[in-house]
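Heads up, the thing below is written out as structure tokens.
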Ligand code: MF3
Ligand code: CO
Ligand code: CO
């Protein structure tokens with residue numbers, strides 16, 4: 001679909017992305033020590049299908065076998081729900097995405113399980129702040145690389161590294177559309193932001209080196225040095241004077 005969404009398309013995207021963010025109201029009640037990532041997958045699958053009357057976007061997407069991504073500790077992204085039990089001190093990203101009436105919603109957040117080490121909680125909090133700073137920075141007339149520039153300055157100032165192999169993305173009637181949204185700075189990446197653009201920002205930030213590898217399941221991305229990784233994701237709409245966070249949660253204040 002086009003880079004600039006029509007008012008009708010924007011209304012549909014607002015609706016589906018708000019529905020997507022309600023999934024965290026369920027997860028907030030269910031994520032705790034002792035549950036498995038597979039349990040969470042089933043709970044979210046059933047909520048999406050039976051309550052939201054929508055479709056989990058990851059399920060069978062390019063062969064992905066489950067309805068959510070659960071990325072634990074040194075897993076960077078695309079972790080596959082299984083029998084892994086959440087335990088005290090874990091940090092985990094849960095990425096939820098749905099399709100309803102042909103339009104897509106996509107968002108993720110981190111959960112801290114029990115008593116998390118201060119260095120791990122710091123990574124979680126700074127990664128959210130990196131996303132928030134990028135959200136506060138975007139507005140029409142600026143180049144798209146304001147996203148990567150903002151995140152990179154913040155991450156490097158805090159001695160953290162940014163994963164390069166995965167990026168944010170346009171979203172609409174396809175799950176992943178143009179443009180690619182890099183989380184690091186590339187001067188040439190100078191597409192000018194315009195009202196009506198809709199894309200995700202979803203930085204993956206590591207405590208150690210930026211390098212990753214993909215496990216033999218073909219999906220799970222982990223840090224090469226097994227250092228902790230965190231990620232937060234929102235879908236945003238560029239407006240006349242900044243942006244609207246389409247996946248904003250009730251408990252969240254960004255501006
Ligand atoms: N939700 C992820 C994103 O932010 C994509 C997941 S694709 C899957 O773009 F196949 F891994 F589920
Ligand atoms: Co995404
Ligand atoms: Co996502």
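Summary of computed values
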read-out: Count of the range 1-32 residues which are in contact with a strand residue (DSSP E or B) (Cβ under 8 Å, 6 or more places away or on another chain) and outside any helix (DSSP H, G or I); value: 5
read-out: Hey, residue 136 free of Cβ contacts under 8 Å to residues at least 12 places away in the same chain and either under 18 Å from the mean Cα position of the chain (by Cα) or under 21 Å from residue 159 (Cβ atoms) (or both) or not; value: no
read-out: Cβ-Cβ under 7 Å pairs, at least 6 apart or on other chains, the range 103-116 side without any contact (Cβ under 8 Å) to a residue 60 or more places away in the chain, far side outside any strand (DSSP E or B) and away from ligand 2 (no atom under 16 Å from the Cβ); value: 112/121; 112/124; 115/88; 115/89; 116/89
read-out: Residue in the range 141-163 that is within 16 Å of ligand 1 (Cβ to nearest atom) and part of a loop (DSSP other than H, G, I, E, B) present; value: yes
read-out: Residue 236 surrounded by 20 or more Cβ atoms within 10 Å (Cβ to Cβ) and either within 17 Å of the chain's Cα centre (by Cα) or modelled with pLDDT of 95 or more (or both); value: yes
read-out: Leading residue by the ranking (farthest from residue 93 (Cα to Cα)) among those in the range 69-79 that are part of a loop (DSSP other than H, G, I, E, B) and more than 8 Å from ligand 1 (Cβ to nearest atom); value: 74
read-out: Flag for residue 127 being within 15 Å of ligand 1 (Cβ to nearest atom), buried (at least 18 other Cβ atoms within 10 Å of the Cβ) and assigned to a helix (DSSP H, G or I); value: yes
read-out: Hits in the range 214-233 (condition: within 18 Å of residue 124 (Cα to Cα), part of a loop (DSSP other than H, G, I, E, B) and under 16 Å from the mean Cα position of the chain (by Cα)); value: 232
read-out: Which numbered condition residue 107 fails, given (1) touching a helix residue (DSSP H, G or I) at 6+ places or on another chain (Cβ under 7 Å); (2) assigned to a helix (DSSP H, G or I); value: (2)
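The values are calculated or read from the model by the stated rules, or taken from the named source; none is laboratory data. Because the structure is predicted, anything quoted here is derived from the model rather than measured. Note that each Cβ is placed from the backbone with ideal geometry, even for glycine, and that neighbours are counted across all protein chains shown.
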